[in-house]
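Written out below as structure tokens is the structure these notes cover.
The values are calculated or read from the model by the stated rules, or taken from the named source; none is laboratory data. Small disclaimer: the values here were computed from a predicted structure and weren't measured. Here the Cβ is made from the backbone with ideal geometry for all residues, glycine too, and neighbour counts use every protein chain on show. Areas reflect the complete protein model, heavy atoms only, side chains present, ligands, DNA and RNA absent. Shrake-Rupley method; radii C 1.70, N 1.55, O 1.52, S 1.80 Å.
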Amino acid sequence: MKLRQLHYIREVAKQGLNVSQAAQALFTSQPGVSKQIRLLEEELGVEIFSRRGKHFVEITPAGKAILETSADIIQQVENIKSVAQEYSDDTKGSLSVATTHTQCRYVLPPVIKQFIDKHPAVSLHMHQGTPVQISASAADGTADFAIATEALELYDDLVMLPCYRWNRTILVPKSHPLADVSRLSLEDITNYPIVTYTFGFTGRSKLDDAFHADGLSPKVVFTAADADVIKTYVRLGLGVGIVARMAYDPDQDSDLVALDASHLFEASITKIGFKKGSYLRSYMYDFIEMFAPHLSRDLVQESLLMRNRADVDALFAKAQLPNL
């Protein structure tokens, strides 16, 4: 059995059993991948993938168990490399962060600058995607950290740490009838078309829950993953905008009126997640603390000792999270 073979079966599974795509991702040939998988199956005496002709059609029960154990082995090998790099030169390395547009555009810029100033020799890579894509990237090791509000809970093999609470703001042009309302109600908002986040992005679920709890059916006429796009269509008069409060800039958005909505919607919590069993290098602890100052190295290490997600949640149950 070779470590390379374990990488091959993991990549094939990741690419939806498409051997050609797996070979491209691994920078090798399709016949080479197929041959190594067959050799591994012959050595183990079981099929990892069921076949129809020359094509893989599903992962066998034995294959699922093998893939799960392989992921642990590959993770430990990566940890060994990280330990060696930490001791050989703790100033160099790489850090991959998967996150949403809202985090990348409005929250992370000062953190990134601070991090690069302190760790100029660390190569930093930012990846934007949907919350599900972001969480999957951390779960399969593509990204070191996932930062999101939605979908992190879908992956049991992620350690999730709460970073901050935030709520929403209502955006309207200065000439809009709602601009003069001192305290909005959900019913006020449903009288107008709504422009907001695509479902699954930036706490959208809390928004929908609030309307449904009051028996209201908002008319959502346009959705986007990007708050800047939402603001553009609010300016065009398409509807009332509902965005994360940190996405409103008083200077750049001075033509819009921002109305408080914290009394209308339950606050959301943005979390940072990483794969269980990961070895965190010193600069990774620094990044976490720069992003969420209450997450000290000692506290993060304590969370790593927790047996399950419930224990981690209990650790932070009484934490005073900052509000954005």
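Cα-Cα over 31 Å: which of Lys54/Lys271; Lys219/Lys275; Lys35/Lys81; Lys14/Lys113; Lys14/Lys81; Lys14/Lys231?
Correct reply: Lys54/Lys271; Lys219/Lys275; Lys14/Lys113; Lys14/Lys231.
Carbon-plus-sulfur fraction of the accessible area of the stretch 183-270, 1.4 Å probe, in percent?
Heavy-atom surface of the stretch 183-270 belonging to carbon and sulfur, 1.4 Å probe: 49 percent.
What are the aspartates and glutamates whose alpha-carbon lies under 18 Å from the alpha-carbon of Lys174, with same-chain residues fewer than 8 places away excluded?
Asp188, Asp228, Asp249, Asp251, Asp253, Asp255, Asp260
Per the Cauchy relation, a quarter of the hull surface: what is the mean projected area of the convex hull of the alpha carbons in the chain, in nm²?
20.2
Starting from one equal scatterer on each C-alpha and no solvent at all, send me the Debye-based log10 I(q)/I(0) for the stretch 3-85 at q = 0.23 Å⁻¹, two decimals.
Taken in order of the listed q values, log10 I(q)/I(0) reads -1.13.
Just to be sure I understand the model, the point goes 7 Å from the Cα along the line to the Cβ. What's the resulting Val83 to Ile116 distance in nm?
About 3.3 nm, to one decimal.
So what's the stretch 56-180 giving for Rg/Rh, alpha carbon basis, Kirkwood Rh from the mean inverse pair distance?
On the Cα set of the stretch 56-180, Rg over Rh gives 1.11.
I'd like the antiparallel share, as a percent to the nearest 5, of DSSP beta bridges with both residues in the stretch 91-245.
So the antiparallel bridges amount to about 20 percent of the total.
Can you list the residues, at least 5 places off or on another chain, whose amide H is less than 5 Å from the amide H of Ala143, using H built in the peptide plane?
Counting only residues 5 or more places away or on other chains, the set is Ala138.
Let me know the charge dipole size of the stretch 168-260 about its Cα centre in debye, to the nearest 20, where only the beta-carbon of Lys, Arg (+1) and Asp, Glu (-1) is charged.
The calculated dipole for the stretch 168-260 is roughly 120 debye.
Beta carbons within 10 angstrom, averaged per residue: use that to sort the peptides 208-215, 143-150, highest first.
Sorting 208-215, 143-150 by mean packing, highest first, produces 143-150, 208-215.
With +1 assigned to the C-beta of every Lys and Arg and -1 to the C-beta of every Asp and Glu, and no other charges, what is the dipole magnitude of the stretch 82-205 about the Cα centre in debye, to the nearest 20?
In total the dipole reaches around 600 debye.
How do 131-142, 28-39, 307-318, 48-59 rank on mean C-beta neighbours within 10 Å, highest first?
Peptide ranking by packing, descending: 131-142, 28-39, 48-59, 307-318.
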